[in-house]
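For reference, the structure discussed in these notes is given below.
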Amino acid sequence: MNQAGVNEKYKVSPFYVFFLVHSMQTGVGVLSFQRVLAKTTGTDGWISILLAGLFVHIMIWVIYKIFSFVPGDIISANNQAFGKWIGNFFSLLFVLYFLILGMDVMISYINIIHVWMFEEVPSWAFAVVFMVLIYYIHTGGFRTITGIAFLSVLFTYWLLFVLFYVMKYSEFTNLLPVFHHTLLDILKGTRSTSLTLLGFEMIVMYYPFIKNAKTSQKYAHWGALTTTLITVFVYLVSLVFYSQKQLELTIWPTLSMTSIIELPFIQRFEYINVSWWAIIIIPNMTIALWSASRGFKRLFNVQQKYPLWGMSIIILLTNVFIFDIDSLYILNKIIDPYGVLFIALYLPLLLLIIYIKKLRKRI
Amino acid sequence: MFNRRTFKKKPNQPNEKNEKLNNVSEVRDLFNTLSSSNDFINHQGTYNGIGYWVSFYRSLIDAQVLHESVLSVIPTLETINLEQIKENVPIENTLITSTKVVIEDRIMRGEIALRLDGNLDECLLINVAAQQGRQVEKPELEFGIISAQEAFVEDLDINLNLVRKRLPVPGLQVSEMTVGSLSKTKVAVLSIEGIVDQENVDNVIQRINDVEFDEILDGSYLAQMLYDNSNTLFPLFLNTERPDRIASALAEGKVALLIDRSSSALITPTILLEYFITMEDYNMPWIPASAFRLLRIFAVAFSIFATPIYVAVLTYHYELIPKDLLETIVTSRNLIPFQPLIEALFLEISIELLREAAARLPTKVGQTLGIVGGIVIGQAAVVAGLTSNILLIIVALSALASFVTPIYKMGNAIRLLRFPFLIGAQIWGLLGITIAAVFLMTHLIKLTSMGHPYLEPIYPFRMQDWKDSFVRLPFNLFKSRPVNLRPDDRARQPQPKKARIKKNDFNE
Amino acid sequence: MRKLFLVILALPLLCSCAQPRVVDEVNMSQAIGYDILKNDNVEGMFVIPIFQQDMMGKYQILSGTSTTTSDVQAVVSKKADKPVLLGQTRIILFSEKMVREIGMTELTDYLYREPQLGNRVILAIVEGKVKNVINSKPPNTNVNIGIFLSGLINQQIKTGNGPDTNLHLFLGNSLEDGGDSYLPLFKLINNEVSVSGAALFHENKMVSKVPTDDMFIFKTLVQHHRRGIYKFKLKDKQESDIVVESIRSGSSYEVSGSERNPSITIKIKIKGQIKESMRSENLTNRKMIKKIEKEMEADITKQANRLMKDFQKKSLDPIGLKEKYHAKNKKLTYEHWKKIYPTMDINIETKVNIIQTGVSE
């Protein structure tokens, strides 16, 4: 019997895949991707983002193709393709990847809070609160997680319009010249933005939780497209707002950008932005850690709360003993080449193997 | 938890088989037991040489009815036996029985038992219960300016009458049951057959049957026992004293509960936004109605967030204050020795005290108290340098805003919600408020009322149900009943005829 | 048991409260001034408002000396009863001497790095000693000197001839190759602070200034604006003064010519109304207005040409012609720019449109 089978009662409508994909993709990446991209590709960065978006779409297509052969989640797909032991090994890699992604998001955000607001509060205090919150969300099951993702998109969408205010200080000649970077530069830029657009791959874990999952593919694509367009928009606004050198100097251009905003009752908008960003970050951490703990549960047949506790303790200890910039450095090093490559190479490979097996069976 | 289990073990549910074997002596036993209470009357009379006994609780019956309709009937009969009397007494729903449980139950509800000397185990039960209680009056808690001025009273039958008058259709089904091992409260479950999802009704009845508690004195008791999740601030069943509200809920496909001896009825399943709706919203054109509804929802947000934001900004985020306000804010706080949190708590608690005290006092004294509290204490606190006058304004406004919610219990929930947010604001400023808000969001997503999501139509997102949520759109858009309730009959109005083409064109 | 665990978990959290910065328990600086001393030390002055009932606009000035600008804050905090915080700072003043000696990159590094300071902070240069400006009394006693100075600049940006300026705009320009940028200038005249043009920066240091009279043209060259006042003399026998208030003005740039011999055409467009004309002639007469327009065009072209020639001679580029040129020529390097700029052909075309003459004839 397929273990990934989920009671119809706990499934969510395919429509929410849009929000799950989109909210998982937008996170800390959007705050800081401009700097690296500006260094490599400058004014042509938007091409890199579009290419990265295309890559995301292809990967989504691959994922849905895999599941059209093997309905279930990545663990059942792995088992089918490689047999129990090797399959489980790859599944464990996925679990580890999800855990690292979740940790990375959390520590990045804690770092932002440290720099912008409360440098004196220890990291573990934030980690404890976030973990309690995540645990509380998890106890509601996947339906609640979807709800948080949905509401987070709903409650943070207005931040996009804030950027129009910023455009008051824009210098549109900064967008020119176009196409003056080599293809290699643009591809390099694509690699660095793919980190921003990462997060769609959680579909491999929550696929069985979607009603009529096959019909949800278009929503996944829409979600990814929205993220790509928003990222392009944010990049273009940062380009016209900052001069090239300034952009390369600023660590969180999206946040610094909002500090230009002055409303009659709010003098400095970026503090609101940093706090409000928690609403965007929390679904990120939640979905990643849910995927990790769910994977662990499926692999070792334990109750989901035990891996969740284990992960909380790992995250807490990391926060207690390693300073956030140091751990961020390590985590980003893991995710940037290895995580992205893993996703980019492994999923097509998996599709290929499953496809071949399918063909053989037919013959 | 522990209490309930012991209740189960208690043998207060009589075993029927044994009952039938022993009932001969048991009926007489019953009357002997009952007689030990001084207000229990055993009246003995003789007619045509046959002795009869009339037994009843003096305090439960209407003596006039007893005399006019029962005792005066007996002399008109030729022979006296129970059948004969039953036929001649002009009162409905009489019964001849010798089952002890039935007799006991009915006597306790104000019926009289008539026995003949020949067979003292068989009784004729006649209902002459006294109909005491107040008249139908104006609603007090949910007063409306341009809506109907009727409110429920404590009597179940009058309440049922108020509802039925508004829904004179045979589909309106009432199923009555009794809960409470001591209070024996009658509960009527109302629904309109053909509209309501029968599963909801079955669920409600099932849960009521599962209630094992000795005393149900009010609808709110019952509501809390029927909640899906009792660890919540939010009311999951809507308490109302307005029959029109019940009628409109029934028409949407909801289930209503009327409880005897309780002037508030319950509606279930409910959604969060329903608690910010007044019946007057439907009596007004849709634009003002929507505007007022939005105002109410804004008031809720203001009431929850205003004080915490004050505390957060003044404690941590002084950068946010615009330069023109800076002087005003800081000057007003200059002499205050406490942190903003202490200052805010001091004011919040004093406002809560005022509210609590005003609720306990008679109306006239209450008014005086309001003036004394609001003006004198507030002013004195500012002059004494305990609080800043800006905070005083904020706290007073947010208290006012919390009273805007039409459902009193929701107002309470909102007033209490402020405190966790205050603590969040004190710990991590705006970030603390945001985190508390996500906690609240999660809690609301998880809540269900009778198994239906509480946050609908926001999540799960259902476009059709937005017509009557934050705004109230015109009635011609009220085409379907709330999807949330999965009603059997979705359509509220027939599909418009095709001939109705919009033809304005500036009046030709 | 589980609840007890939760309570125990919650206890250390209470200890992890952030450090409160309650508004009345900090010294909020609203303006900062930096002077350079003889021994190359930096003297910093912080304008800190004192909030008291019925005492509007009272303030104190805390000052301290150190080797770097950021350290001054710590030095000053040592002399105050409450910590000095920068979150409410509106304006930062540097003395002219200082910015001629020390590069702006070094000076602004700390300002940009500090999250407490927003991008909106105004930077300004003082001719003479900053100390004197900060110690002067603002004419309006309801505000302190910091708010007064930032209000002065903002007012000039909105309705006068001052171009938009703040930390963000300044850094955007000055971080580019060449470091060409501008900042407003203050001067103390008869114990009254007033704006006295703009300071021009090149390669991070202040090298020149734009006098007040040229500020209208400078502003028009730098940005589109809606307000601003231009005064010129009509060239006829009477030599009367005409004052024109700009309603909508700005300039556009056209890059043309070969790579070796490039030229830039600056098209200035001004729509304005006549504020004052010291002439008896009828202004409703279209001919007269046309004449004024023509004269004004000629005058502005002449002044702008002079200004641009001056910039070219000093190889200053506060207008950002380099970016405009770079947008057309992808391969431009700074070295190449340095070579071509001083001899570049810069044409100025002006178009004046007077659309209103006020309520009187």
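The values are calculated or read from the model by the stated rules, or taken from the named source; none is laboratory data. Predicted, not measured: the structure shown is a model, and the values here were computed from it. Using ideal geometry, Cβ is built from the backbone for each residue, glycine included, and neighbour counts are taken over all protein chains shown.
The numbered conditions (1) over 21 Å from B:GLU241 (Cα atoms); (2) free of Cβ contacts under 8 Å to residues at least 40 places away in the same chain; (3) of a type outside the set (Val, Ile, Thr); (4) buried (at least 17 other Cβ atoms within 10 Å of the Cβ) are all true for B:GLY370 except (4). Got at least one residue in segment A:127-135 being of a type in the set (Phe, Trp, Tyr), within 14 Å of chain C (Cβ to nearest Cβ) and assigned to a loop (DSSP other than H, G, I, E, B)? Checked segment A:127-135: no residue is of a type in the set (Phe, Trp, Tyr), within 14 Å of chain C (Cβ to nearest Cβ) and assigned to a loop (DSSP other than H, G, I, E, B). Taking the criterion of being among the acidic types (Asp, Glu) and either modelled with pLDDT under 85 or surrounded by 15 or more Cβ atoms within 10 Å (Cβ to Cβ) (or both), the only residue of segment C:187-212 that qualifies is C:GLU203.
Residues in segment B:102-140 that are surrounded by 15 or more Cβ atoms within 10 Å (Cβ to Cβ) and assigned to a helix (DSSP H, G or I): 4 in all.
Condition test on A:TYR235, is it at the interface with another protein chain (Cβ under 7 Å from one of its Cβ atoms) and either surrounded by fewer than 22 Cβ atoms within 10 Å (Cβ to Cβ) or not in a loop (DSSP other than H, G, I, E, B) (or both)? Considered against the rule, which asks whether it is at the interface with another protein chain (Cβ under 7 Å from one of its Cβ atoms) and either surrounded by fewer than 22 Cβ atoms within 10 Å (Cβ to Cβ) or not in a loop (DSSP other than H, G, I, E, B) (or both), A:TYR235 comes out as no. Considering the conditions (1) under 29 Å from B:ARG492 (Cα atoms); (2) under 17 Å from the mean Cα position of the chain (by Cα); (3) not small (Gly, Ala, Ser), B:GLN198 is excluded by exactly one of them, (2). When segment A:164-209 is filtered for residues that are outside any loop (DSSP other than H, G, I, E, B), of a type in the set (Ser, Thr, Tyr) and within 11 Å of chain C (Cβ to nearest Cβ), the ones remaining, listed by number, are A:TYR169, A:THR173. Go through segment B:267-321 and count every residue that is more than 22 Å from the chain's Cα centre (by Cα) and in a helix (DSSP H, G or I). The number of residues fulfilling the criteria is 29.
If you check B:ILE394, B:ILE435 for being over 30 Å from the mean Cα position of the chain (by Cα) and at the interface with another protein chain (Cβ under 10 Å from one of its Cβ atoms), only one passes: B:ILE435. With respect to A:SER293, determine if the residue is away from chain B (no Cβ under 14 Å), in contact (Cβ under 8 Å) with a residue 60 or more places away in the chain, polar (S, T, N, Q) and closer than 24 Å to A:TYR136 by Cβ. Yes: the conditions hold for A:SER293. Just so you know, in segment A:169-193 the residues that are more than 19 Å from A:VAL237 (Cα to Cα) and not hydrophobic (A, V, I, L, M, F, W, C) include one that is surrounded by the fewest Cβ atoms within 10 Å (Cβ to Cβ), and it is A:THR182. The listed residues are B:ASP244, B:ASP260, and the only one of them that is under 22 Å from B:GLU193 (Cα atoms), within 15 Å of the chain's Cα centre (by Cα) and surrounded by fewer than 23 Cβ atoms within 10 Å (Cβ to Cβ) turns out to be B:ASP244.
The number of residues in segment A:96-126 being among the charged types (D, E, K, R) and either within 14 Å of chain C (Cβ to nearest Cβ) or more than 18 Å from A:ASN332 (Cα to Cα) (or both) comes to 2. If you filter segment C:89-105 down to residues that are within 14 Å of chain A (Cβ to nearest Cβ) and in a helix (DSSP H, G or I), you find that the one that is nearest to A:PRO253 (Cα to Cα) is C:THR105. For segment A:1-49, residues that are in a helix (DSSP H, G or I), under 30 Å from A:VAL70 (Cα atoms) and not acidic (Asp, Glu) total 14. Taking the criterion of being in a loop (DSSP other than H, G, I, E, B), modelled with pLDDT of 85 or more and closer than 23 Å to B:ASN283 by Cα, the residues of segment B:458-481 that qualify are B:SER469, B:PHE470, B:VAL471, B:LEU473, B:PRO474, B:ARG481. The residues listed here are B:LEU440, B:LEU447, B:LEU430; of these, the one that is within 11 Å of another protein chain (Cβ to nearest Cβ), touching a Phe, Trp or Tyr at 6+ places or on another chain (Cβ under 7 Å), farther than 26 Å from B:GLY253 by Cα and not acidic (Asp, Glu) is B:LEU430. Among residues of segment B:32-58 that are in the same structural domain as B:ILE80 (by TED's automatic domain parsing), those with a beta-carbon under 9 Å from a residue that is part of a strand (DSSP E or B) and among the basic types (Lys, Arg) at least six positions away or on a different chain give the pairs B:TYR52/B:ARG115; B:TRP53/B:ARG115; B:VAL54/B:ARG115; B:SER55/B:ARG115. Tallying residues that are away from every other protein chain (no Cβ under 14 Å) and part of a loop (DSSP other than H, G, I, E, B) within segment C:39-80 yields 8. Of all residues in segment A:6-39, those satisfying the criterion of being farther than 21 Å from A:ILE287 by Cβ and either modelled with pLDDT under 85 or surrounded by fewer than 19 Cβ atoms within 10 Å (Cβ to Cβ) (or both) are A:GLU8, A:ARG35, A:LYS39.
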